[in-house]
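The values are calculated or read from the model by the stated rules, or taken from the named source; none is laboratory data. If you're wondering where the values come from, they're calculated on a predicted model, not measured in any experiment. Don't worry about glycine lacking a Cβ; one is built from the backbone with ideal geometry, like all the others, and counts go over all protein chains shown. Surface accessibility is based on the protein's heavy atoms, side chains included, excluding ligands, DNA and RNA. Shrake-Rupley method; radii C 1.70, N 1.55, O 1.52, S 1.80 Å.
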Amino acid sequence: TYFPWNFGKTIIFQIVVELLLFLHIIGQAMKSDDKTAKPMNWLDWSLIIFLLVITITAFTGVNVSNSFWGNQARANGIFTWLHFGIWYFLLSRYFSEKKDWVTLLSLTAGAAIIVSGTIFFQHSLPAAWQSEAGGGIIGNRAFAAAYLLVAFGLALVLTFYLSGKRRWWSLAGALVLLIALFWTGNRGAILGLFTGGFTGLAAAVFMVKDKKNRRLSIVALSLGILASGVLTAMAITKKLSVYLPRLAAVINIDSLTSGTGETRLMAWQIAWQGIKERPILGWGWGNYDITFNKYFNPHFLKYNFTETVWDKPHNWLLEIGVISGVFGLVSYLSIFGIASYYLIRKKGEQVSFVSPIISSILLGMLAGYLATSLFLFETSDILLLFFLLLAFISVEYAPRQVVTLHPRWLAVRRFFWVPYTLFILISLYYFNYLPLKASYYLSQARAAADGSAWSLAAARAVAVPAPFVGETAIFLAERFIQLDKAGADITAKETASVALQVADALEKQSDRYRDNPLFPVWAGQVYMALGEKVDPKYYINAEPLLLRAHGLSPQKQEFLFFLGRLYLLEKDFPRAIDVQKQAVAADPSISTSYWFLGLTYIASDDVATGLSEIETALKQGYALTLDQRLYLLDIYAGEKKYDKVIEGYRHLIKDFPDNVNWYIRLATAYALARDKASALQTTETAVSLYPPLRAEADAFIKQYKLK
């Protein structure tokens, strides 16, 4: 699939849950007695209310399709959450004995240990499963860390369930998970680990009745607080980086106000703006990116273009507030509140085989999970264990009572399997098979090395009526633009035809969801590429789309860059300069904007002004690529600014001392600047690096009379 670490696994999970629910309904239909477990406790109701709230706010939001079905990148739509809700209820109904949970927790810990192995030895995985993000089979190291955090807690619970050698095996497994967690180096999950540890130890001090274990808890809590204080002091005084550099990289206080820490704070500020605008019902599940673009902070571009695209604020609680409003946030937190209430209340006779120590661990897990969520967001891997944790608490701390069903319900449930059979057949085909099929063709389009291969896979992907057609079109457009920039031929009739289909699909999505600037901006880029390489008539289609995107996110410099390039292609230099000036005005501290403004002036034959803007960009820290450095040196040479040319090639020689071409060009620059001695010396150096140049060098020396 297009996102093999998340999307394909989520679809398989949905299929399994649907089949399990089918078997459950068949089993209920075949039962002849009127005895059943009591269906609801407070934790069940809190979960149902949360799922109901996020479903309602999805339909009142700005993009119901994205909210309900989600996308491949996150696989986190309402449809998926409903499956996890079913997973929770099936677990809490059928896993009622200690042996059931021992088996399930053992399998969970074993799977997590395998995941740890893929993190330690990820380069041994099949190529399609490897990820540069360091998370093994889960992909991103941050998501892997959050998954391992919950798995570690469940392994500890299992340790206190077991006895004898099996307890030690479980403890060893928990240690492996702990090492893997630190191996990821994710600060959010490690903060969650410490938060959960302190919470669990503090809970044990009050909940454990055995004096010996209580004293051990007090000592462990005291040592933990002392160690945290010492490490924090060492981090502040920079001594930690000297003695424990790997740990210092994790406990990096400066990261909160620089780099990704600063961008995260800006994303949180945008989330708060979104909450203030729609505090009650929110923007709809999964629609933070619309808020992000509307309230875009142009300072994001200071870091790079990848930082200008955020679909998550990396704070789950803030995100819930944005996408489902205050009702969503309160209903979500109520799940933790009720679960914690069940854990800390007096056990009573109902609770079967739990102990205060296990209760303390579970409280710590809930606290650690919430702390981690302040820096991350949910994925299917994490939710799989989170709902398992909730089911365990529901079963062991709020047992259900056996009640007698009404005779009418007995008659109804015997026929309920008929409509569900129809539903599961439709769901398996439309909501599972078709999304997998579309994602498969999309992955082929991503792997395409030329326009022909892209068009073949893209045509198949667009033809599949999957729920996330808009996202499919965006990814296809992205790959199309990448191929065009890489020099691939996009002028073939088939390629251009499929590109027009993609642009048309994006236009339709733009008309349907008018708050999202991503649909028009990608459609505009496709039309702009077709206008440049196939027929200029497509420029007419590009302009209104790019203007619409700019109107939805007026502070986003990237949209202005696209507009400026369009006007350059149309030779409308005054408008091109005007929009590039708007990009500079959005945040005058961003060097990239000055670079593009300078290029625009040069393209309009105002080279002097263009070089002035480019030099401003360089003073503000703009980092040139090799091609950009050579382009700029050619401009300086054309303006006979040989001092700049000489300086530039000196830097290139310093960076690439074995490249003889730089010596040749430097010698030419010296000769044109009438510095004959330096030109001769540089020429001889070039010959010493590559002796076959001797004849050409002698001709050069003679031409410029260097001797």
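Note that the stretch 354-396 shows a convex hull volume over its alpha carbon atoms of 57 Å³ per residue.
How large is the direction-averaged shadow of the alpha-carbon convex hull of the stretch 571-618, in nm²? Provide the component values of the computation, followed by the final result.
Numbers: hull surface 11.0 nm².
Spelled out: convex hull of the Cα atoms, projected over all directions, averaged, 2.8 nm².
Adding -39500 (n - 2.57) for every DSSP H run of four residues or longer, then dividing by how many residues the chain holds, sets the calculated 222 nm ellipticity at -23500 deg cm²/dmol.
Taking the alpha carbon gyration tensor of the stretch 447-525, multiplying each eigenvalue by 5 and rooting it gives semi-axes of 21, 13, 10 Å, largest first.
Ranked highest first by average number of other Cβ atoms within 10 Å, how do 20-26, 140-146, 111-117 line up? Intermediate results must be reported in sequence, preceding the final value.
On the way: 20-26: 15.6, 140-146: 26.3, 111-117: 18.4.
With the highest mean Cβ count within 10 Å placed first, the list reads 140-146, 111-117, 20-26.
Would the stretch 296-348 count as rounded, prolate or oblate if I go by the C-alpha gyration tensor, calling it rounded below 1.5 in a/c and otherwise prolate when a/b exceeds b/c, oblate otherwise? Prolate shape, in that a/c is at least 1.5 and a/b is the bigger ratio. The Rg/Rh ratio for the stretch 277-395, using Cα coordinates for both the radius of gyration and the Kirkwood hydrodynamic radius, is 1.10. So how strong a dipole does the chain carry about its Cα centre when Lys and Arg Cβ are +1 and Asp and Glu Cβ are -1, to the nearest 20 debye? Magnitude of the dipole: close to 2580 debye. Between 0 and 90 degrees, the angle of helix 380-397 with respect to the longest Cα principal axis of the chain falls at about 20 degrees. Accessible area per residue was computed with a 1.4 Å probe on protein heavy atoms; Arg665 scores about 100 Å².
Gyration tensor over the Cα atoms of the stretch 467-581: the corresponding equivalent ellipsoid has semi-axes (square roots of 5 times the eigenvalues, largest first) of 21, 19, 11 Å.
Over 28 Å between Cα atoms, which of Lys640/Lys676; Lys9/Lys533; Lys640/Lys707; Lys302/Lys485 qualify? Those over the limit are Lys9/Lys533.
D for the stretch 91-220, whole µm²/s, Stokes-Einstein with Kirkwood Rh over alpha-carbon pairs at 10 °C and 1.306 mPa s: what number?
Values: Rh = 16.0 Å.
After rounding, the answer is 99 µm²/s.
Computed over protein heavy atoms with a 1.4 Å probe, the carbon and sulfur contribution to the accessible area of the stretch 532-657 reaches 53%.
Cα centroid distance between the stretch 641-707 and the stretch 61-76, in Å? Taking the Cα centre of the stretch 61-76 as reference, the centre of the stretch 641-707 is 59 Å away.
What Kirkwood hydrodynamic radius, in Å, does the stretch 647-707 give when the mean of 1/r is taken over all pairs of distinct Cα atoms and then inverted? It would help to have the intermediate numbers written out before the result.
On the way: mean 1/r = 0.0887 Å⁻¹.
Evaluated over the stretch 647-707, this radius sits at 11.3 Å.
Legend: residue pairs Lys619/Lys705; Lys276/Lys581; Lys437/Lys508, Cα-Cα distance threshold 29 Å; pairs beyond threshold, Lys619/Lys705; Lys276/Lys581. With every protein chain in place and a 1.4 angstrom probe, the accessible-area ranking of Thr625, Thr108, largest first, reads Thr625, Thr108. Against the empirical 2.2 N^0.38 Å (N residues), the chain has a Cα radius of gyration ratio of 1.16.
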